[in-house]
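A.B. asks: After the structure tokens below, expect a handful of questions from me.
Each value in this text was obtained by applying a stated rule to the coordinates, not by laboratory testing. From a predicted model like this one, the values you see are computed outputs, not experimental measurements. Backbone-built Cβ (ideal geometry, glycine too); neighbour counts: all protein chains shown.
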Amino acid sequence: MYSEKVMDHFMNPRNVGTIDNPDGVGEEGNPSCGDIMKMYLKVENDVILDAKFQTFGCGAAIASSSMATEMIKGKTLEEAWQLSNKAVAEALDGLPPIKMHCSVLAEETIHKAINDYLVKTGREPWGEPAAC
Ligand code: FES
Ligand code: FES
């Protein structure tokens, strides 16, 4: 049911934890299952230098957070904003259809963390994350 990549990122998640004095923090919950994801960003000149996460959730949510944080490191804020949950799921060699919403959680949490950074640096937040 799950790809080897999903299992790998679930069993050995990358970037678990927090960042001291993060430049941006985002937290998002999925009301349908109660799972919660939190992301921390280190940003310099609008480039994401580091990303860490804590996910209280299912295996697909943990694998999505792990892959998503890997994918946004080194990216500009705009590039990271455009990372879709579909791209994260593809990078994991797919998620079962009923688990796609778990990857949406990662996309939304990244958006919240980016907006937190924008607001902290005196800018307008970008458009509301797309509804899942
Ligand atoms: Fe499932 Fe958003 S909660 S798609
Ligand atoms: Fe809740 Fe996957 S079942 S995020």
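A.B. asks: Of the residues that sit in segment 88-109 and are within 15 Å of ligand 1 (Cβ to nearest atom) and of a type in the set (A, V, I, L, M), which one is farthest from the chain's Cα centre (by Cα)?
C.D. replies: Looking only at segment 88-109, we keep the residues that are within 15 Å of ligand 1 (Cβ to nearest atom), and these are 88-89, 95-109.
Okay, now just the ones that are also of a type in the set (A, V, I, L, M), so 88-89, 95, 98, 100, 104-106.
Working: Val88: 9, Ala89: 12, Leu95: 16, Ile98: 19, Met100: 14, Val104: 9, Leu105: 7, Ala106: 3 Å.
The qualifying residue farthest from the chain's Cα centre (by Cα) is Ile98.
A.B. asks: Considering each residue of segment 29-64, count those that are within 14 Å of ligand 2 (Cβ to nearest atom), closer than 18 Å to Asn115 by Cα and among the aromatic types (Phe, Trp, Tyr), and give that number.
C.D. replies: 1
A.B. asks: Determine, yes or no, whether Val88 is surrounded by fewer than 17 Cβ atoms within 10 Å (Cβ to Cβ) and assigned to a helix (DSSP H, G or I).
C.D. replies: No, not satisfied.
A.B. asks: What pairs come out if I take residues in segment 12-27 that are at positive phi and pair them with residues that are surrounded by 12 or more Cβ atoms within 10 Å (Cβ to Cβ) and β-branched (Val, Ile, Thr) whose C-beta lies under 8 Å away, six or more apart or interchain?
C.D. replies: From segment 12-27, the pairs are Asn15/Thr69.
A.B. asks: Is it true that some residue in segment 39-46 is within 10 Å of the chain's Cα centre (by Cα), surrounded by fewer than 20 Cβ atoms within 10 Å (Cβ to Cβ) and either free of Cβ contacts under 8 Å to residues at least 12 places away in the same chain or over 16 Å from Lys73 (Cα atoms) (or both)?
C.D. replies: No, every residue in segment 39-46 fails to be within 10 Å of the chain's Cα centre (by Cα), surrounded by fewer than 20 Cβ atoms within 10 Å (Cβ to Cβ) and either free of Cβ contacts under 8 Å to residues at least 12 places away in the same chain or over 16 Å from Lys73 (Cα atoms) (or both).
A.B. asks: To continue, here is another question. Residues of segment 21-60 being among the aliphatic types (A, V, I, L, M), within 16 Å of ligand 1 (Cβ to nearest atom) and closer than 16 Å to His111 by Cβ, which ones?
C.D. replies: Ile36, Met37
A.B. asks: Here's a follow-up. Would you mind finding the one in Leu105, Leu83, Leu95 that is more than 13 Å from ligand 2 (Cβ to nearest atom), surrounded by 14 or more Cβ atoms within 10 Å (Cβ to Cβ) and hydrophobic (A, V, I, L, M, F, W, C)? Lay out the reasoning, then the answer.
C.D. replies: Details: Leu105 fails: more than 13 Å from ligand 2 (Cβ to nearest atom); Leu95 fails: more than 13 Å from ligand 2 (Cβ to nearest atom).
Matching residue, one of Leu105, Leu83, Leu95: Leu83.
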